[in-house]
4 protein chains.
Amino acid sequence: MMDVQFRSDFDVTLIDTMGSDHRIVQAAKVSTLGAESLEVGESEGLISYLMRNRHGSPFEHGMMQWMISAPIFVWREFHRHRIASYNEESSRYKQLAPVFYNPPPHRPAKQVGKPGHYTLTNDGQRASLAAGDMQRIQFEAYRAYRRLLSEDVAREVARQVLPVSIYSTCYVTMNVRALMNFLSLRNAPSALWEIRQVAVQIEETFSAAFPQTHAAFVAAGRVAP
Amino acid sequence: MMDVQFRSDFDVTLIDTMGSDHRIVQAAKVSTLGAESLEVGESEGLISYLMRNRHGSPFEHGMMQWMISAPIFVWREFHRHRIASYNEESSRYKQLAPVFYNPPPHRPAKQVGKPGHYTLTNDGQRASLAAGDMQRIQFEAYRAYRRLLSEDVAREVARQVLPVSIYSTCYVTMNVRALMNFLSLRNAPSALWEIRQVAVQIEETFSAAFPQTHAAFVAAGRVAP
Amino acid sequence: MMDVQFRSDFDVTLIDTMGSDHRIVQAAKVSTLGAESLEVGESEGLISYLMRNRHGSPFEHGMMQWMISAPIFVWREFHRHRIASYNEESSRYKQLAPVFYNPPPHRPAKQVGKPGHYTLTNDGQRASLAAGDMQRIQFEAYRAYRRLLSEDVAREVARQVLPVSIYSTCYVTMNVRALMNFLSLRNAPSALWEIRQVAVQIEETFSAAFPQTHAAFVAAGRVAP
Amino acid sequence: MMDVQFRSDFDVTLIDTMGSDHRIVQAAKVSTLGAESLEVGESEGLISYLMRNRHGSPFEHGMMQWMISAPIFVWREFHRHRIASYNEESSRYKQLAPVFYNPPPHRPAKQVGKPGHYTLTNDGQRASLAAGDMQRIQFEAYRAYRRLLSEDVAREVARQVLPVSIYSTCYVTMNVRALMNFLSLRNAPSALWEIRQVAVQIEETFSAAFPQTHAAFVAAGRVAP
């Protein structure tokens, strides 16, 4: 029996950060202090001022980096954020693992209304209904994938049978300004539920690494400067 | 019987261009002529000089725009080219049409050798073998998709069963410099076969719209300046 | 007597545009219509919807291109807009013409208050006072520049004496989304007076070429989507 | 007597780095190892392979950050590198210090030949000749600047008399891929002498922080991947 894993969660591992709230203050202070800006102290007030007045460039000197595992349909949205660096698992160069996403029962999955104006509600059934069908297709698709590989069909051809709900892993590096733009769009009510779960985890790492900047972002209505 | 379409080709429709070989010459000539650069004539020699000497910025003033239909696994590579603008069909907001990619018989599909060092050969069988399995999975996946939609499962959930070989349509706008970088990587022997077929069509529109620039790009070994 | 020109205005020449309000609608409609989006008609309402809801990407498929002459201190601000393409007159490769900027009498030039909180008022004197001193320095600097050139000092060395108020000419290509970001910051009360004069002229070409988009931008409070 | 400082050198202070040669290997290995890439060891061979084969994206996960002081005419070239983050001293918000660049005696300053084809030679005289004239203009310009400020002319107006050889300080953050592109163009024989002196210092910090990547860059002919 083929071992296929069905998941409803996402991995967000913080790898590294560069800079801090203090660094953002230093970079902003170069405008009035020049080289002496390296000597300034912290200033939550200045960060708040920059945020409210759309002085976005100092926030680019803070960087964050993660390794993230998420389904391909999440990556499809993520990669549209162009001011970022990505390296992803390759289905040309490796056999993808049989790990698939299934919507959990609490995922709002019932569509009500028209495109552009629809809302999703959680009726406690639709997500499970979908997960059932999905698992069957995911299982069949992965079996076909493996059979094709066993016949020496190229990975890059065989993978064409796989659904967009298969997991993939990616390194992501983003500056804090681009990150706030990402969070404003993806940790928001209109965002796809799944990318929002990823964004929530990312935002936790952000608020831990840049607490003053995060607080100012929230206070300013979650609009990226 | 559900109508599912299997295709092996790609649509590349040129929508618009801005500029020309002449414009690139004008933009380059501003460095030595200032505002009089608007009056200069064409110069194939200058274009060739710019290309060989990595003066890339003048090529950014030529633009091209297409509407392209290709499978999602092609878009996944395409969208990694960040210096470009994209708008794509949305599986959140519309029901995707049942159009799927199948590798044609002449697509090299047999993998020989190790990852990073493998080659693909066309043994006349593997592509057809793959296409057979694919069609079955694509058909089943689309049937599940339709069934879920009929149960009012949200489009954005139901589409998770669909394979990466389903077609999607995208508007793409790119400047000529970024385009040459795209072509240098994607109309090349190491490129994924399918994206190369798209790149070949794009390159035809490029050589028609910017013939001198295209000729210089080819003469310079297909390296983007 | 050396012929030095003192100016207080800026040249903005529209060279080309690509796309239109209609094109932006087409690009937006691909999300729900796929390839049929090419057939849709105009829709001022959709443009307004996109603007209000921060759906910025369709606006990237409209392009504008100008040739602009402005003092170097204006270019220093302009070039910080990185999502744009520039080619500029080179003081390494050509002798710069003796054309210098002087603030006109109506330019608010009296500083009142502290950095970050100062305001500028027009007292009818300060701009003229400044222009007087400027002309003397500009004249002396250009005379030194010419003398150095006559001694075969390299252009790229001799130009180091020239003030930031000397004019330079640049080709600029920008998509409509980036353009709206530029206008939101540079045709605004907090902007440098001189770059605002340039931005006002640019905005006129924008409103002529993309009237519905421009109207929606204004209606949405001049915030770029 | 007004204190004006004449300098011929440039300050490059490394502030921070993120990542390492090892990190670049990890990011590259995600393509074949997925999440297990975090466990791989160093690999100088892989870095060399990536460099030679134009696999540039892994190098974007290494970051460097400096504070740099250089004349405005150097910043004018630097800021054309758009894939980078900058915050600079503002002559709108602060009084610029009287620090000016003068070409040192060993700076090749005699122009021989035509634009586009000229060469510069060091005849032991031209740089000193230029420096003499420059100092006079720089001194006069700064005196005019101070006089205007003392009359409450706005900083942003008064600074228009200042030459492009005045120093300014900037925070610069750049990823390693963009950095190699910068170095390939700016630490090169065709580069402006002054920006090359800055680039040489930057390259020293790069080779110290990413020694394997730097060695591979040099071995690959100093072409950015």
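The values are calculated or read from the model by the stated rules, or taken from the named source; none is laboratory data. If you're wondering where the values come from, they're calculated on a predicted model, not measured in any experiment. Virtual Cβ from ideal backbone geometry, glycine too; neighbours counted across all protein chains shown. Ligands, DNA and RNA are excluded from the accessible area calculation, which covers all protein heavy atoms including side chains. Shrake-Rupley method; radii C 1.70, N 1.55, O 1.52, S 1.80 Å.
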* Asked: Taking K and R as +1 and D and E as -1, what net charge do the other residues with C-beta under 14 Å from the C-beta of D:Ser190 add up to?
  -> +3
* Cα-centre dipole for region C:5-219 with unit charges at Cβ (Lys and Arg positive, Asp and Glu negative), debye to 20 -> 880 debye
* Structure fact -> Cross-link reach from B:Lys110 to lysines, straight Cα distance under 30 Å and at least 8 residues apart if same chain, gives A:Lys94, D:Lys29
* **Complex-versus-alone comparison for region D:1-34, residues with a loss of 40 Å² or more in accessible area, probe 1.4 Å** => D:Asp16, D:Met18, D:Arg23, D:Val30, D:Ser31, D:Thr32
* Structure fact -> Inter-copy distances for B:Tyr118, label 7 Å out on the Cα-Cβ vector, sorted ascending, nm, one decimal, are 3.7, 5.7, 6.6
* **10 Å-binned pair-distance histogram of the protein assembly as shown (Cα, whole percent)** => 2, 11, 21, 25, 20, 12, 6, 3, 0, 0
* Averaged over every viewing direction, what's the projected area of the C-alpha convex hull for region D:1-52? Give it in nm², one decimal, please. => 6.6 nm²
* Estimated dipole of the protein assembly as shown in Debye, rounded to 20 [Cβ of Lys and Arg +1, of Asp and Glu -1, Cα centre] -> 0 debye
* Could you work out Rg/(2.2 N^0.38 Å) for region B:125-225, with Rg from alpha carbons only? -> 1.51
* Structure fact -> Averaged over residues of C:119-128, the number of beta carbons from other chains lying within 10 Å of each residue's Cβ is 2
* Determine the total buried accessible area between chain B and chain A, counting protein heavy atoms only with a 1.4 Å probe; round to the nearest 100 Å². => 5000 Å²
* If you average the sequence gap of Cα pairs under 8 Å that are 6 or more apart and divide by the length of chain B, what percent do you get for the contact order? -> 31 percent
* Asked: Of A:Gln197, A:Pro103, A:Ala130, whose Cα points farthest to the positive end of the dipole of chain A (charges on the beta-carbon: +1 Lys, Arg; -1 Asp, Glu; origin at the Cα centre)?
  -> A:Ala130
* Asked: What number comes out for the charge environment of C:Arg155, summing +1 per Lys or Arg and -1 per Asp or Glu over other residues with Cβ under 9 Å away?
  -> +2
* Asked: So how do C:73-79, A:142-148 stack up, highest first, on mean other-Cβ count within 10 Å?
  -> C:73-79, A:142-148
* Label D:Tyr118 and B:Val223 with points 7 Å out from Cα along Cα→Cβ: what is the distance between them in nm? -> 2.8 nm
* Which of rounded, prolate, oblate describes region A:39-158, given a ≥ b ≥ c as roots of the alpha-carbon gyration tensor eigenvalues and a/c under 1.5 marking rounded, otherwise prolate only if a/b is larger than b/c? -> oblate
* To do: May I ask for the equivalent-ellipsoid semi-axes of chain D, computed as the square root of five times each C-alpha gyration tensor eigenvalue and listed largest first in whole Å?
  => 40, 22, 12
* Structure fact -> Sorted by chain and number, the residues with a modelled amide H under 5 Å from that of B:Asn102, at a separation of 5 or more or across chains, are B:Arg7, B:Ser8
* **Gain upon complete extension [A:Glu204, A:Arg146; 0.36 nm per residue less C-alpha separation]** => 17.1 nm
* Asked: Could you work out Rg/(2.2 N^0.38 Å) for region B:47-89, with Rg from alpha carbons only?
  -> 1.54
* Residue-wise HN-Hα coupling along region C:79-94, computed from phi with Karplus coefficients 6.51, -1.76, 1.60 (Hz; x: Gly, Pro) -> 5, 6, 7, 7, 8, 5, 10, 10, 9, 10, 3, 10, 7, 7, 10, 9
* To do: Excluding A:Tyr86 itself, calculate the net charge of residues whose Cβ lies under 13 Å from the Cβ of A:Tyr86, where each Lys or Arg counts +1 and each Asp or Glu counts -1.
  => +2
* **Accessible area per residue, Å², region C:5-219 with all protein chains present, probe 1.4 Å** => 34 Å²
* **Portion, in percent, of the accessible area of the protein assembly as shown that falls on carbon or sulfur, probe 1.4 Å** => 49 percent
* **region B:14-96: equivalent-ellipsoid semi-axes (sqrt of 5 x gyration tensor eigenvalues, Cα, Å)** => 36, 14, 10
